[in-house]
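Novice: First the structure, then my questions, so here it is.
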Amino acid sequence: MRLAGLDQGTTSTRILSLSPDGVPQVVHAIQHQQFYPHEGWVEHDPEELIANIRACINAVGPIDAIGIDNQGESCLAWDAVTKEALTPVLVWQDNRTSWQIAALKADGHEAEVMARAKLPLDPYFSASKLGWIVRNSSAVQEAIRRGTLRLGTTDAFFLDRLTGRFVTDVTTASRTSLMNLERLEWDETLCDLFGVPMECLPQIVPTTGDFGAIETAHGRVPVAASVVDQQAALYGFGCRTTGDAKITFGTGAFALMVTGAEIVNKPEMGLLPTVAWQLDGEKPVFALDGGVYTASAALNWAKSLGLFEDFGQINDFARPSALEKGLVFVPALAGLGCPHWSPDARGIWLGLSIDHGPAQMVQSILEGVALRASEVVSAMNTCIPLSGALAIDGGISQNPYFTQFLADVTKREIRPAAMPELTGLGTIGLAAVPMGIDLQPTSQFGSIQPETGISLPVERFHRAVAASKDFVKT
Ligand SMILES: O=P(O)(O)OC[C@H](O)CO
C-alpha cells in the first residue's frame, strides 16, 4: 500500500511518501507567496494554496490514501455553493485584531475564554480573525444574506473544495478558540463573543477516518487523516506517553508535550492545552503547547537585511556567547507567545556597541531563539517533568552553534532529528491508522550534551524580554 502525506505549511506545500525502507521523502514542494498588506497583517492566496496542493498530489503518482496537515490557526471565508474563497487566508501570524483582543481583555472576557477554550485572548487564534472577516468583508456579508457563508481554518476549505466534505478535525478546531475543549464542540458563547456565526463553521470530526476522496491525475484518493502540522510532528516523533515532548523549529518554534487523557490547564504558566490527536472511535489524547512565533522567520529577516548571505555561514561562532558578552536579541518580531502572551511586544537588541558587526548580531539572533525556546521548555517542565532529552527538528535544528547553545541554556541533552521530515512522517502515520497499518517512526536522532562548567547569564535575557513587552506600550 502506498501512502502520502501532504504538508500545507506557512511557507510551502510539500508532498511526502515513504521509501521502501520507511523513510519519508519529499516528492514535490512548492513555496507560496506571503502578503503583508499592512503592518501586522499576513495573508496567503487561497487559490494559490489549492493549486499547489493539486500540483503536489498529481506529482506523487498513484497512491492508496493520503493524510493532510495544515498550518493551524490560519483561516478564511468561502462560499458553500461555488466553493470560491471570499477572503484571503488570514495567517496565524496576522495581528490585525490585537486592538479587539485588548478591548475584550479590558472588558474582562479573558476568564470566560480561558474556562471554555482553555486559551488566552490572543490574535494568534482563529476566533478574532474570523470575527474580523465577518465584520469587514462585503463579500462575506453578501454570502450571509444569501445563506451560503462558510467559515473555517484552511483544512476545512481544502477538504470542502477537494472532497466535498465540510469538516475540520478536532486538533485544528482546538486552535480556533471557538471550541469548548472539554466537550469538543463549538461553543455558542465563544462564537457570540467573537461575532462568528456558529452555523457557518464545519463539523468537528476525529483526526483519522473518512474525509472523502480527491480526484487526481491518477484516480480518486481517499483522505484518511487531517491534522495540525505541529500535532503531526508530535506523532511523527513517536511521542505517545505523558511527558514526551518535541520542538519544531520552523517559521516559528512550537513545543508540544503529550499529557494523555488529561487536559492540563496551567494558564499561570502561559501554556496551552490542546488536542494532540483523536483516532477514529477512540478518546482524544491531549498535549500542552507553547509557541515562539519567530524562529527561522527571524533568521530569514536577518538574511533579507543582508546580515548574512548563506545559511552555511551561520553554523559556527566563537565562544563566549553574545549573551555572555552583553548582546541580547529578543525575537519578538510578531509579538511574544508562550509564556508571555504579549501581542504588542516587538523585537529588540540590547547591548549594541560600536565594535558589533553582522556576525555578532546573527549570533545573538540564534541565541535569542534558543533562549525563547528555553523559556517554553522550563514552563512545560514545571507543569509535567519532561521525559529525558529534548527532541527537536526543523531547519535550525541542524545548526551546530544553535543546538549546543540550546543544550547549554536548557541544561538538557538535545536530540536533533537526523531526518527532517517528521511532520510528513506523522501525517503519513496518522493516515495509515484507518488503513489498519501501524507505522512506527524510523527516524534517527543525534545527541548534543550541555557543556559542563558553563553558567549563562539568562537573567540578562529576561530583562530584555521585559523591555520588549513594554517598549511599544510606553
Ligand atoms: O506551518 P508551520 O510549520 O510554520 O507551523 C505553523 C503552526 O502550526 C502555527 O501555529
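Novice: Whole number in Å², please: accessible area per residue of the chain, 1.4 Å probe, ligands, DNA and RNA not counted.
Specialist: Here the residues of the chain average 37 Å² of exposed surface.
Novice: By how many degrees, between 0 and 90 and to the nearest 10, does the Cα long axis of helix 154-163 differ from the longest principal axis of the chain?
Specialist: It is inclined by approximately 30 degrees.
Novice: Could you estimate the translational diffusion coefficient of the chain from the Stokes-Einstein equation, with Rh from the Kirkwood formula over C-alpha pairs, at 20 °C and 1.002 mPa s, in whole µm²/s? Intermediate values should be presented prior to the final figure.
Specialist: Values: Rh = 22.4 Å.
Calculated translational D: 96 µm²/s.
Novice: What does the charge dipole of region 3-227 about its Cα centre add up to, to the nearest 20 debye, if the Cβ of each Lys and Arg holds +1 and the Cβ of each Asp and Glu holds -1? Walk me through the intermediate numbers first.
Specialist: Values: 17 positive and 29 negative charges, 48 e Å.
Here region 3-227 has a charge dipole of around 240 debye.
Novice: Here's a follow-up. Using mean Cβ contacts within 10 Å as the protection proxy, how do 275-287, 224-236 order, highest first?
Specialist: Details: 275-287: 20.4, 224-236: 30.5.
Top to bottom by mean Cβ count within 10 Å: 224-236, 275-287.
Novice: Where does helix 422-432 land angle-wise versus the long Cα axis of the chain, in degrees 0 to 90, nearest 10?
Specialist: So the helix axis and the longest Cα principal axis differ by about 30 degrees.
Novice: Nearest 5 percent is fine: what portion of the DSSP beta bridges confined to the chain is antiparallel?
Specialist: Beta bridges within the chain, antiparallel portion: roughly 70 percent.
Novice: What does the extension gain come out to for ARG220 and GLN203, with contour length at 0.36 nm per residue minus their alpha carbon separation?
Specialist: Working: separation 17, 0.36 × 17 = 6.12 nm, distance 2.30 nm.
3.8 nm is the gain from fully extending ARG220 to GLN203.
Novice: Could you work out the relative contact order of region 1-133? I mean the mean sequence separation of Cα pairs under 8 Å and 6+ apart, divided by the number of residues, in percent. It would help to have the intermediate numbers written out before the result.
Specialist: Details: 231 pairs, mean separation 30.8, N = 133.
Contact order relative to length: 23 percent.
Novice: How would you rank 93-106, 362-375, 335-348, 249-262, highest first, on the average number of other Cβ atoms within 10 Å across their residues?
Specialist: Details: 93-106: 18.5, 362-375: 26.4, 335-348: 21.4, 249-262: 23.0.
For the peptides 93-106, 362-375, 335-348, 249-262, the packing ranking is 362-375, 249-262, 335-348, 93-106.
Novice: Starting from the Cα-Cα distance between LYS283 and SER387, subtract it from 0.36 nm times their residue separation and give me the gain in nm to one decimal. Could you put the intermediate results ahead of the total?
Specialist: Values: separation 104, 0.36 × 104 = 37.44 nm, distance 2.30 nm.
Here the answer is 35.1 nm.
Novice: Please determine, in degrees from 0 to 90 and to the nearest 10, the orientation of helix 126-136 with respect to the longest principal axis defined by the Cα atoms of the chain, where the helix direction is its Cα long axis.
Specialist: 60 degrees
Novice: Which three lengths, in whole Å and largest first, does region 3-227 cover when its Cα atoms are put on their principal axes?
Specialist: 57, 35, 33
Novice: Going by Cα centres, region 310-364 and region 128-201 are how many Å apart?
Specialist: Value for the Cα centre distance between the two parts: 38 Å.
Novice: Further question: Students often get this wrong: which residues of region 1-29 have the backbone nitrogen under 19 Å from the point 7 angstrom along Cα-to-C-beta of GLN444?
Specialist: 18-26
Novice: In percent, how large is the relative contact order of region 366-435, given Cα pairs closer than 8 Å and 6 or more residues apart?
Specialist: 35 percent
Novice: Check cross-link reach from LYS469 to the lysines: straight Cα distance under 24 Å, and skip same-chain residues fewer than eight apart.
Specialist: Candidates past the 8-residue exclusion: LYS105, LYS118, LYS129, LYS266, LYS325.
The values are calculated or read from the model by the stated rules, or taken from the named source; none is laboratory data. Computed from a predicted model, the values in this text were never measured in an experiment. Every residue, glycine among them, receives a Cβ derived from its backbone with ideal geometry; neighbour counts consider all protein chains shown. To get the accessible areas, we keep the full protein, side chains included, count just its heavy atoms, and leave off ligands, DNA and RNA. Shrake-Rupley method; radii C 1.70, N 1.55, O 1.52, S 1.80 Å.
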